[in-house]
1. Might you let me know whether segment 172-193 holds any residue that is at positive phi, touching a Lys or Arg at 6+ places or on another chain (Cβ under 8 Å) and not hydrophobic (A, V, I, L, M, F, W, C)?
2. Condition first: surrounded by 18 or more Cβ atoms within 10 Å (Cβ to Cβ) and without any contact (Cβ under 8 Å) to a residue 40 or more places away in the chain. Now tell me which residues in segment 308-328 satisfy that.
3. Quick check on segment 415-424: of everything there that is out of contact with any Asp or Glu (no Cβ under 8 Å at 6 or more places or on another chain) and touching a residue at least 40 places away in the same chain (Cβ under 8 Å), which residue is nearest to residue 119 (Cα to Cα)?
4. Among the listed residues 245, 291, 214, which satisfies the condition of being on the phi > 0 side of the Ramachandran plot and surrounded by fewer than 19 Cβ atoms within 10 Å (Cβ to Cβ)?
5. Which residue out of 335, 284 is in contact (Cβ under 8 Å) with a residue 12 or more places away in the chain and under 21 Å from the mean Cα position of the chain (by Cα)?
6. Is there a residue being among the aliphatic types (A, V, I, L, M), within 23 Å of residue 230 (Cβ to Cβ), in contact with a Phe, Trp or Tyr (Cβ under 9 Å, 6 or more places away or on another chain) and at pLDDT 95 or above anywhere in segment 27-36?
7. Among the numbered criteria (1) touching a Lys or Arg at 6+ places or on another chain (Cβ under 7 Å); (2) part of a helix (DSSP H, G or I); (3) modelled with pLDDT of 65 or more, which single criterion is violated by residue 396?
8. Considering only residues that are touching a residue at least 60 places away in the same chain (Cβ under 8 Å), under 13 Å from the mean Cα position of the chain (by Cα) and either surrounded by fewer than 19 Cβ atoms within 10 Å (Cβ to Cβ) or part of a loop (DSSP other than H, G, I, E, B) (or both), which ones fall in segment 165-195?
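The values are calculated or read from the model by the stated rules, or taken from the named source; none is laboratory data. Model, not experiment: these values are computed from the prediction. Please note: Cβ atoms are built from the backbone with ideal geometry, for glycine as well, and neighbour counts cover all protein chains shown.
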Amino acid sequence: MSEVPGLLKKLMEYEKSDFYPFHMPGHKRQFKNSFAKSFPNPFSIDITEIDGFDNLHHPEEILKKSMEWAAKIYISHKTYYLVNGSSCGILSAISGTVSRGGTILMSRNCHKSAYHGVLLNDLKVKYVYPQLIGEFGLQGGLLPEKIEELLISHPQIEAVLVVSPTYDGVVSDIQAIAEIVHRYHLPLIVDEAHGAHFSFGKKAGFPVSALESGADIVIHSVHKTLPSFTQTALMHVREGYVDMGKLDRYVHIYQSSSPSYVMMAGIENCIQYMSEEGLKEMTAFYDRIKGVRRRLSDMKGLKIFTGQEKGEYGVYDVDCSKIIISTKRTGLSGAELDERLRKEYHLEMEMCGPDYVTAITTLADTQEGLERLCEALLEIDSDISLKEKNDNGEELLSEEYIDIGSGMTIAQAMDSPREKVLVSESAGRISAEFVYVYPPGIPISAPGEVLEKKIIDLIMRYKKLGLPVQGMEDEKAEYLYVVKVIESNNEWEMMNKRKTKQ
């Protein structure tokens, strides 16, 4: 018998270590805190659809009441508990608002699950691109006028999907975008996965939620920034521009047929805490984060993203709980800073880019943990070497969001005959695979897009920096599948005949 790999043992050993999480889930493993003090042993409440406990796929009793209660708190017409993460909500929203083979307007910085929704429904996509904050190489916001331009020039669009806040906490002007989208009698879907805390933190100083700004469907990952289990999420819906019956049908397609009662109880517990004691905690949390930002504002080499860009680059507001540290003025890459924080200080960041690291903070973070982050960054900054001049190659970071030419739809590219080529030799070809760095899981290139030289250079640079380039079948990310060049009509006919027989 082979030896058990020992995942549980490794998790238990890690739990006893002094590694501190500046990453999701938002409970930060603080199970003795007030939000979890009454939560029992999960094994004791892990049941199935037995008498008296309702059915998530046909809720009539306790689950129906629980989701209606949640909808009242969020002031939505309907709120769904999602146990397959925000991806389930995004897939449901796309499938429920756009006809098969139809067209969706989507921000290019959407999570990969949005692209999967496009693939599954064989949709055509028109992209709106975020602005770029050049000094940091981060995504800015979306300009409402750009969205209107696309709606005017592409009247076949059936729905609009945008991301706000971004992974880095940048919020777009959702109210203005919603007003524009509604003028064309279309639904606005907002992936607010990283803004689940907004609804409870507005008075404390956090941005206003998309739900309050006029969006029709809003998806929240409660596990990302609130004290809830990984994989728990919510989808809120407003009546008017959404076919509620069609959306409901797709939610039940994408949800597991065996939903976890532990997760659903965790969602309810989280909402109850946040709507009561959590409201006060959000104010205290906001003050703690402001203190962290003040301490880090005087670093000489490393630089913290302050959000002073509000009003520029499409930035309407900024979530201060995301701590973004730029290494551009130093001799360190983002991956090297990430590694130092992990190895030397036992601080685990959420993610790193070529020249920055991202820390996710939540109301569950301890003062000790925040102090450790400040002291580590200040100590690294004190002995860091400054760059005398910038490497022009670093500007390639922004090319992740250039307007890429599209040769086919995602579905067409993935279903077409394909061949494998070296990534370094794929310029000018049409990609048949996704390429992204995970996290955050935003495609650098999607199937159907032309692989321009700038994109190839960006992928090669990410690989050289040791970033987790993923999405391709080749685990080493050396080869990429591209759409095969068909030499003659006869070859096309033969390919189609083989597909028909299969």
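1. Narrowing segment 172-193 to residues at positive phi: 185.
The next check asks that each one be touching a Lys or Arg at 6+ places or on another chain (Cβ under 8 Å); those that pass are none.
Scanning segment 172-193, I find no residue that is at positive phi, touching a Lys or Arg at 6+ places or on another chain (Cβ under 8 Å) and not hydrophobic (A, V, I, L, M, F, W, C), so the answer is no.
2. 327
3. The initial filter retains those residues of segment 415-424 that are out of contact with any Asp or Glu (no Cβ under 8 Å at 6 or more places or on another chain), namely 415-419, 421, 424.
Those still in the list that are touching a residue at least 40 places away in the same chain (Cβ under 8 Å) too: 416-419, 421.
On the way: 416: 13, 417: 16, 418: 17, 419: 20, 421: 23 Å.
Out of the qualifying residues, it is 416.
4. Working: 245 fails: on the phi > 0 side of the Ramachandran plot; 291 fails: on the phi > 0 side of the Ramachandran plot.
Answer to the selection: 214.
5. Numbers: 284 fails: under 21 Å from the mean Cα position of the chain (by Cα).
It is 335.
6. First, the residues of segment 27-36 that are among the aliphatic types (A, V, I, L, M): 36.
Checking the rest, the ones that are also within 23 Å of residue 230 (Cβ to Cβ) come to 36.
Checking the rest, the ones that are also in contact with a Phe, Trp or Tyr (Cβ under 9 Å, 6 or more places away or on another chain) come to 36.
If we keep only those that are at pLDDT 95 or above too, we end up with none.
No, because not a single residue in segment 27-36 is among the aliphatic types (A, V, I, L, M), within 23 Å of residue 230 (Cβ to Cβ), in contact with a Phe, Trp or Tyr (Cβ under 9 Å, 6 or more places away or on another chain) and at pLDDT 95 or above.
7. (3)
8. 165, 167, 168, 169
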